[in-house]
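Accompanying notes for the structure given below.
Please treat every number below as a calculation from the coordinates, not as lab data. Keep in mind the model is a prediction, meaning the values are calculated, not measured. Neighbour counts are summed over all protein chains in view; Cβ atoms, including those assigned to glycine, are modelled from backbone coordinates with ideal geometry.
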Amino acid sequence: MMGGGSSFMSIDEWNPWGTFKEGYNNSIEVKSLDLSNFIANLSSSNISCKMDIEGAEFQTLEKMIKDGSIKKIKNIWIEFHENFFSNPEPYKKRKHKILEELANNNISYSEWH
């Protein structure tokens, strides 16, 4: 097997590696947690976070912004995957809004590719 990864993105809109797409036909269900709830329940308000969650960063960060748990984050390093979608334009707009919210909440962020 070459590489590996996971996501809960629809295979119809998620196209990260072209020919490796057939590997997504095999799936395994795994337990997960709600990052927003996890962070909300931490006692610290000075959290650093690294996020590389293969396209799920959009939903995750938008939820954290909506419920306010994002305010506990002080530093975040994010790999955005907007170009891995069949239609990246809506994700580029979502990314822009997320980055605006991070700046508005005085959250230090860095992107990497």
For segment 73-104, run through the trypsin sites (Lys or Arg not before Pro) and keep only the ones in DSSP coil with at most 10 other Cβ atoms within 10 Å of their Cβ.
none
Would you list, by chain and number, the lysines whose Cα falls below 23 Å from the Cα of Lys97, excluding same-chain residues fewer than 8 positions away?
Lys50, Lys63, Lys66, Lys71, Lys72, Lys74
